[in-house]
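> Please read through the structure below; I'll follow up with questions.
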Amino acid sequence: MRTTLLLAAALAFAAVPASAQATFGLKGGLNTAFFSGGDADGTGARLGGVGGAFVRYDATPSLGLQVEALYSQEGAQEEAVGDEGTYRFDYIDIPILVRYAIPVSQFADAGVYAGPSIGIPIREEFEFEDGEVVDEALNTDLGITVGADYWSGPIGVDLRYTAGLTDAFSDEIDGELVEPLDIRNQTFTVTLGFRFGGALGR
């Protein structure tokens with residue numbers, strides 16, 4: 001399943017016309033992650049880091065495709081008395097975003113974007129306040145990302161929200177079915193980026 005999702009992301013790169021103009025970059029910043037859903041009561045936000053790389057193909061001056069690969073610390077804080085701790089869910093996130101550019105000046109530009117996001121879990125644990133750690137079982141996280149960015153030359157700021165569409169927790173542990181939990185990941189993200197290539201003034 002995860003191999004199939006990675007292949008889909010690779011095909012998104014390949015599907016862009018060769019004549020499209022490419023901009024590459026790096027970004028890093030902060031997540032405010034939390035749970036939603038009927039079983040999310042008693043949980044609060046977890047702060048975490050996020051960082052990685054992106055490539056954007058501008059098919060026209062206004063429309064582009066941006067694909068990213070990000071290490072993203074998500075999860076939540078458990079606040080129920082006696083069970084306090086932190087859900088440490090870290091993912092490799094692969095957003096595939098359609099971006100609409102908004103010209104600002106000769107040296108600055110902005111954009112709004114939206115698209116699907118694929119989160120591949122690489123850390124799946126709950127840490128109690130006393131330091132005890134237990135493993136969790138997570139699904140591949142499918143979501144929708146919406147956001148906006150502003151660039152001045154090679155430096156930019158990005159604000160986004162990613163809404164998980166699938167249950168975060170797996171309903172199968174060690175081959176045994178368990179009662180599914182109605183919990184989905186939600187994340188607000190702010191990053192600072194550096195880009196090179198393409199038309200940086202657009």
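> Based on DSSP H runs of at least 4 residues, each adding -39500 (n - 2.57), what is the mean residue ellipticity at 222 nm of the chain after dividing by all its residues, to the nearest 500 deg cm²/dmol?
-2000 deg cm²/dmol
> Loop-only check: which chymotrypsin sites (Phe, Trp or Tyr not before Pro) in segment 52-110 are DSSP coil with at most 11 other Cβ within 10 angstrom?
Phe107
> Cβ under 14 Å from Val112's Cβ, Val112 left aside: what net charge do those residues give with Lys, Arg +1 and Asp, Glu -1?
Residues close to Val112 contribute a combined charge of 0.
> What is the diffusion coefficient of segment 85-169 in µm²/s, taking the Kirkwood radius over Cα pairs and the Stokes-Einstein relation at 37 °C with a viscosity of 0.692 mPa s?
Here the translational diffusion coefficient equals 219 µm²/s.
> Shifting gears a bit: Over the chain, what is the mean sequence separation of C-alpha contacts under 8 Å (at least six apart), divided by residue count, expressed as relative contact order in percent?
Once normalised by length, the contact order is 22 percent.
> Rounded to two decimal places and with Rh computed the Kirkwood way over Cα pairs, what is Rg over Rh for the chain?
Ratio of gyration radius to Kirkwood radius: 1.03.
> Also, I was wondering about something else. Charges at C-beta only: +1 for Lys and Arg, -1 for Asp and Glu. How large is the resulting dipole of the chain about its Cα centre, in Debye rounded to 20?
So the dipole magnitude of the chain works out to roughly 2040 debye.
> Counting only heavy atoms of protein chains, what accessible area per residue, in Å², does the chain have with a probe of 1.4 Å?
49 Å²
> Modelled label-to-label distance, Val146 and Thr32, 7 Å Cα→beta-carbon offset: nm?
It works out to 1.7 nm between the two label points.
> Moving on. Hey, in the GNM for the chain with a 10 angstrom Cα cutoff, which one of Gly153, Gly131, Gly111 fluctuates hardest?
Of the options given, Gly131 has the highest mean-square fluctuation.
> Mean-square fluctuation check for the chain, GNM, Cα pairs under 10 Å: which of Ala168, Ala76, Ala40 is largest?
So, out of Ala168, Ala76, Ala40, the one fluctuating most is Ala40.
> Hey, what do the phi angles of segment 156-171 turn into as Karplus ³J(HN,Hα) couplings, whole Hz, using 6.51/-1.76/1.60 and θ = phi - 60°, x for Gly and Pro?
x, 10, 10, 10, 8, 10, 10, 9, x, 9, 10, 4, 5, 8, 6, 9
> Right, next: What list of ³J(HN,Hα) couplings, whole Hz, do you get for segment 91-107 from phi and the Karplus terms 6.51, -1.76, 1.60, once you set θ to phi - 60° and write x for glycine and proline?
Each residue's phi maps through the Karplus curve to give 10, 8, 9, 10, x, 10, 10, 9, 10, 10, 7, 10, x, 10, 7, 4, 10 Hz.
> Using R₀ = 30 Å, calculate the FRET efficiency as 1/(1 + (r/R₀)^6) where r is the Cβ-Cβ separation of Glu172 and Ala45; round to 0.05.
Working from the Cβ atoms, E equals 0.60.
> Probe radius 1.4 Å, ligands and nucleic acids ignored: give me the carbon and sulfur share of the accessible area of the chain as a rounded percent.
Ligands and nucleic acids excluded, carbon and sulfur reach 62 percent.
> Angle between the Cα long axis of helix 2-14 and the longest principal axis of the chain, 0 to 90 degrees, nearest 10?
10 degrees
> Per residue of segment 52-60, in order, report the coupling 6.51 cos²θ - 1.76 cosθ + 1.60 (Karplus, θ = phi - 60°) as ³J(HN,Hα) in whole Hz, putting x for Gly and Pro.
In residue order, the calculated couplings are x, 10, 9, 9, 10, 10, 8, 6, 9 Hz.
> Report the one residue of Phe24, Leu97, Ile118 whose Cα lies farthest in the direction of the positive end of the charge dipole of segment 9-135 (charges on C-beta: Lys and Arg +1, Asp and Glu -1; origin at the Cα centre).
Phe24
The values are calculated or read from the model by the stated rules, or taken from the named source; none is laboratory data. This is a predicted model, so every value here is computed, not measured. Counting neighbours? That spans all protein chains shown, and the Cβs are built from the backbone with ideal geometry, glycine included. We work out accessible area using only protein heavy atoms, side chains counted, and drop any ligands, DNA or RNA first. Shrake-Rupley method; radii C 1.70, N 1.55, O 1.52, S 1.80 Å.
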